[in-house]
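Beneath this line is the structure, given in structure tokens, with notes to follow.
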Amino acid sequence: MAVTTGQQLNLREAKGWRRTKNRIATVLMVVAFVLVVIPLVFVLITVVARGIKIISWQFLTADIPPTVAPADVGGIGPAIVGTIQIVGLATVMAVPLGILGAIYLNEYGGKGVVARLIGFMADVMTGVPSIVMGLFIFSIWVLRFQFSGFAGALALGCLMLPVVIRSTDEMLKLVPNPLREGSYALGATKARVTMTVVLPAAVGGIVSGALLAIARAAGETAPLLFTILTVTAVNPNPFSGPNTSIPSQIFTNATQPYPGAQARAWGAALTLIVIAFVLMIAARFITARFTRYSR
Amino acid sequence: MEPEQESVTSLQQPETAAPPQAQPAPEPEAYSTPGSTVFDAENVSCYYGSFRAVTDVSLSIYENEITAFIGPSGCGKTTVLRTLNRMNDLVAGARVEGDVRYRGASLYGKDVSPIAVRRRIGMVFQKPNPFPKSIYDNVAYGPRINGEHNKRKLDEIVEHSLRQAALWDEVKDRLKASGLGLSGGQAQRLCIARTLAVEPDVVLMDEPCSALDPIATGAIEDLMRDIKSRYTIVIVTHNMQQATRVSDRTAFFSVLRNEESDTRTGVLVEYGRTQQIFEDPHDSRTEAYVTGQVG
């Protein structure tokens with residue numbers, strides 16, 4: 001378009017409907033953001049405000065008192081130990097299996113029947129309510145053996161498995177094919193390509209996906225109700241006898257009318273949030289560390 | 001096809017031994033005396049599923065020469081190139097008919113391992129695809145997968161390969177930096193160094209300069225001329241000037257349109273010395289293409 005000489009070139013955005021649409025969309029996005037943030041901030045403030053008062057070394061380590069006990073007696077030590085045992089066992093079972101499953105889906109299975117079936121089942125499993133998973137483990141494991149931390153770990157592992165498979169799968173899909181071809185062109189075997197090129201390129205995302213799954217599992221209550229019961233003293237053996245966990249403690253304490261129990265429930269809730277927070281930060285750090293070479 | 005396969009070169013199992021060292025260089029001007037052939041393709045047709053991408057290609061590629069494949073888009077140059085080191089095996093549904101012999105051995109014979117093939121026949125891709133590793137680890141990748149872990153030897157190989165690829169002086173002070181931080185031309189030379197590090201017999205190049213500016217392109221062409229005394233090079237290019245500048249022989253491919261079934265398939269129109277193809281083409285289609293009458 002020729003510019004007539006002598007005329008001021010107008011590069012400002014034209015007024016009118018286009019500009020109005022822009023304004024409306026911007027306002028809507030800001031409103032949506034605020035709506036999302038309000039409950040988040042509210043939950044965080046409430047939990048911190050009510051939980052911080054009770055947190056002390058004694059609270060984190062002492063045995064669990066009767067629910068009628070006042071707030072300054074006892075703590076949630078056995079629940080923290082139980083959560084670490086159960087979530088740890090679940091992680092050891094679910095994460096390697098999930099990563100291997102995703103590698104099969106992406107690198108080996110191709111579009112075969114088996115791979116599609118596994119992918120489909122993983123999707124279905126993601127949608128199974130956690131309480132159903134607890135019932136499942138209750139019927140196949142607890143009824144035959146007994147309540148134990150391991151039974152809880154099985155239930156949590158079943159919940160984590162599809163999440164790990166899906167997140168790893170997505171990360172492996174993001175690895176560009178030319179990288180694989182570059183490795184193949186040097187005479188690498190498929191196992192070699194997977195181990196030395198595909199996994200290192202995706203490891204940051206895989207680790208953070210796994211940590212997110214762990215954080216989710218650490219907060220699950222329902223599947224543990226049928227599998228571990230609750231105890232008041234530390235059970236050092238996760239493979240035998242009832243155990244307890246932080247979410248279970250929150251559940252049993254928060255449903256009580258006694259102020260001491262409710263205070264302990266808030267304290268346990270804050271502890272759980274802090275654990276999840278630490279895991280998220282760790283996920284960020286690990287992702288950043290492993291992606292050092294990917295820029 | 002062939003009754004008694006006389007395997008001059010064993011491709012049966014991936015061995016860790018270095019591929020046969022290239023013969024001492026015939027003088028670059030050894031145009032008039034054709035060397036021995038490296039590849040002999042006979043009636044090669046390539047399919048992707050039921051789609052026939054290339055029909056009936058027969059040609060021989062000579063030792064220590066640079067052979068260029070030129071032709072319009074979709075004429076199957078790249079497909080033919082990728083049949084030479086079995087890269088098309090990685091594409092689901094890809095299939096080759098006819099016979100490709102590499103130094104007397106049938107590449108698509110029954111017991112041939114594509115891994116062993118690719119250790120002898122390296123490939124450089126259209127888009128530079130350095131691994132998300134350090135420059136050093138990129139070059140050392142191939143020797144390492146071939147079982148070389150001696151630090152001193154690896155250092156030597158890395159330096160030698162980077163020197164051959166004319167990249168050493170630019171990166172010698174930052175070998176530990178990410179290979180992804182290099183410019184396009186440097187990254188492509190890194191990929192060439194990576195390919196040369198396994199001392200291949202043949203280097204296949206799939207439009208190696210299409211993503212590069214003229215200066216980087218010139219650097220890579222110089223490099224090709226430098227190394228051709230030790231390697232046999234096959235290059236796919238869209239750039240006819242490039243073919244005239246670097247290649248000894250040129251194969252012109254074109255697209256054959258089938259009006260009845262409305263399908264297109266690539267064919268080899270003419271193959272000969274580069275000078276003859278560009279100055280005295282025998283086929284009218286070649287003439288139209290090299291003189292720029294049709295794109």
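The values are calculated or read from the model by the stated rules, or taken from the named source; none is laboratory data. Source: prediction; values computed, not measured. In this analysis, Cβ positions are derived from the backbone assuming ideal geometry, glycine residues included, and neighbour counts consider all displayed protein chains. Keep in mind that these areas ignore ligands, DNA and RNA; they rest on the heavy atoms of the full protein, side chains included. Shrake-Rupley method; radii C 1.70, N 1.55, O 1.52, S 1.80 Å.
Here A:K21 is the anchor, and the aspartates and glutamates within straight C-alpha reach of less than 17 Å, apart from those fewer than 8 places off in the same chain, are A:E13. Inter-label distance, B:S261 to B:E97: 0.9 nm, where each label sits 7 Å from its Cα along the C-beta direction. With N the number of residues in segment B:198-295, Rg(Cα) / (2.2 N^0.38 Å) evaluates to 1.22. Might you work out the accessible area of A:R50 for me, using a 1.4 Å probe with all protein chains in place, and round it to the nearest 10 Å²? Counting only protein heavy atoms, the figure is 130 Å². On the basis of the beta-carbon distance and an R0 of 35 Å, A:D63 and A:D123 show a calculated FRET efficiency of 0.25.
Taken about its Cα centre, chain A carries a charge dipole of roughly 1220 debye when the Cβ of each Lys and Arg holds +1 and the Cβ of each Asp and Glu holds -1.
Rounded, prolate or oblate: which fits chain A, taking a ≥ b ≥ c as square roots of the Cα gyration tensor eigenvalues, rounded meaning a/c under 1.5, else prolate when a/b beats b/c?
oblate
Subtract the Cα-Cα distance of B:D111 and B:R152 from 0.36 nm times their separation in residues, and report this length gain in nm to one decimal.
Between B:D111 and B:R152, full extension yields an extra 11.2 nm.
Based on the Cβ-Cβ distance of A:R116 and A:V92, what FRET efficiency does E = 1/(1 + (r/R0)^6) give at R0 = 25 Å, to the nearest 0.05? It comes out at approximately 0.35.
Taking each DSSP H run with n ≥ 4 as -39500 (n - 2.57) and averaging over every residue of chain A yields -21500 deg cm²/dmol at 222 nm. Against chain A, whose longest principal axis is taken from its Cα atoms, helix A:199-218 shows a tilt of about 40°. Approximating the spin labels as points 7 Å out from Cα along Cα→Cβ, the B:R225-to-A:R216 distance works out to 6.0 nm. For the protein assembly as shown, the square roots a ≥ b ≥ c of the C-alpha gyration tensor eigenvalues yield an a/c of 1.5 or more together with a/b exceeding b/c, which makes the shape prolate. Result for chain B in a Gaussian network model with C-alpha springs under 10 Å: among B:I277, B:I215, B:I115, the largest mean-square fluctuation is at B:I215. Axis of helix A:77-103 versus longest Cα principal axis of chain A: the two differ by about 40°, to the nearest ten degrees. What are the lysines whose alpha-carbon lies under 19 Å from the alpha-carbon of A:K111, with same-chain residues fewer than 8 places away excluded? Within the straight-line limit of under 19 Å, A:K111 reaches these lysines: A:K173, A:K190. Each of B:E260, A:E220, B:E199 has its accessible area taken with a 1.4 Å probe; listed largest first, they run B:E260, B:E199, A:E220.
Here chain B is treated with +1 on each Lys and Arg Cβ and -1 on each Asp and Glu Cβ, and its dipole about the Cα centre works out to around 1160 debye. Helix A:113-126 and the long axis of chain A differ in direction by around 60°, with both axes built from C-alpha atoms. Measuring between their Cα centroids, segment B:201-258 and segment A:20-43 lie 55 Å from each other. The Rg/Rh ratio for segment A:107-166 is 1.09, where Rg is the radius of gyration of the alpha carbons and Rh is the Kirkwood radius.
Counting only Cβ charges, +1 for Lys and Arg and -1 for Asp and Glu, the dipole size of segment B:193-263 around its Cα centre is about 320 debye.
Over chain B, DSSP H runs of length four or greater, each weighted -39,500 (n - 2.57), average out per residue to a 222 nm ellipticity of -8500 deg cm²/dmol. Normalised by residue count, segment A:17-97 yields a Cα convex hull volume of 169 Å³ per residue.
Compared with the direct C-alpha span, the chain from A:T20 to A:I84 gains 17.6 nm at full extension, assuming 0.36 nm per residue. Accessible surface for segment A:1-129, divided over its residues, is 71 Å² per residue with a 1.4 Å probe. Figure note: A:K15, B:K127, A:K190 ranked by solvent-accessible area, largest first, 1.4 Å probe, ligands and nucleic acids not counted: A:K15, B:K127, A:K190. Length gained on full extension, A:K173 to A:T46: 41.7 nm, using 0.36 nm per residue less the C-alpha separation.
Across every direction, the projection of the convex hull enclosing the Cα atoms of chain B has a mean area of 16.3 nm². Between the beta carbons of B:F51 and A:A233, assuming R0 = 60 Å, the FRET efficiency works out to 0.30 to the nearest 0.05.
Contact order, relative form, for chain A: 27 percent (alpha carbon pairs under 8 Å, 6 or more residues apart, mean separation divided by residue count).
Surface calculation, 1.4 Å probe, protein heavy atoms: B:E279 sits at approximately 140 Å² accessible. In terms of Cα to Cα distance under 22 Å, which lysines are near enough to B:K172, apart from those fewer than 8 places away along the same chain? Within the straight-line limit of under 22 Å, B:K172 reaches these lysines: B:K133, B:K151, B:K153. Label segment B:150-201 by shape, choosing from rounded, prolate and oblate, from the square roots a ≥ b ≥ c of the eigenvalues of the Cα gyration tensor; if a/c is under 1.5 it is rounded, and otherwise prolate applies when a/b is larger than b/c, oblate when it is not. Taking the square roots of the gyration eigenvalues as a ≥ b ≥ c, segment B:150-201 is oblate. Extending 7 Å from the Cα toward the beta-carbon at both B:R174 and A:V37 defines two label points whose distance is 3.8 nm.
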